[in-house]
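The values are calculated or read from the model by the stated rules, or taken from the named source; none is laboratory data. Everything numeric in this text was worked out from a predicted model, so none of it was measured. Here Cβ is always computed from backbone atoms with ideal geometry, including for glycine, and neighbour counts include all displayed protein chains. Protein only, heavy atoms only, side chains kept; ligands, DNA and RNA dropped before computing areas. Shrake-Rupley method; radii C 1.70, N 1.55, O 1.52, S 1.80 Å.
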Amino acid sequence: GTVVKVDRSVDLALILLPIPLEAIQTASERPRIDSEIVVVGYPYNIAQYATVGHVQAFDGYSMFISAPIVPGNSGGGVFMQLPDGEWVLVGVVSQVLATMFSPIPHMGKVVDITTIRKFLNG
């Protein structure tokens with residue numbers, strides 16, 4: 001792929017791929033605290049895997065979630081199902097949270113949809 005745009009301050013990159021892909025619908029706003037979310041990624045670069053959790057908090061451009069994530073989930077989509085059954089992107093995994101001694105695999109930091117929209121439109 002070709003790197004089109006990068007913003008290291010929010011941990012996002014836009015990459016143009018030479019293959020056709022289906023468009024992903026994006027949420028019009030941030031989910032609410034305690035909204036159920038699903039994270040889809042490739043943990044440890046093994047296989048596509050989905051985990052379920054909830055939105056725990058917001059801090060600036062970040063959304064903190066309780067879905068289990070591990071290395072390899074970074075860059076993966078975070079989705080929420082709307083009342084009409086449609087699934088929409090609400091964020092992109094940025095990192096597994098960690099303490100001084102070890103990762104906390106049940107808590108992740110996510111770039112939220114409002115920041116993603118600003119990045120894409122700015």
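Numbers at a glance
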quantity: Selected from Gly108, Gly76, Gly60 as most flexible by GNM, with the chain as the system and alpha-carbon contacts under 10 Å; calculated: Gly60
quantity: Positive-end residue, the chain charge dipole about Cα centroid, Cβ charges, pick of Ser35, Val4, Asn45; calculated: Val4
quantity: Sparsely packed trypsin sites (Lys or Arg not before Pro) within region 29-120, loop by DSSP, other Cβ within 10 Å at most 14; calculated: Arg32
quantity: For the chain: rounded, prolate or oblate by the Cα gyration tensor [a/c cutoff 1.5]; calculated: rounded
quantity: Rounded percent of accessible protein surface that carbon and sulfur make up, the chain, 1.4 Å probe; calculated: 57
quantity: Neighbourhood charge, 15 Å Cβ-Cβ cut-off, centred on Ala13 and excluding it, Lys, Arg +1 and Asp, Glu -1; calculated: +1
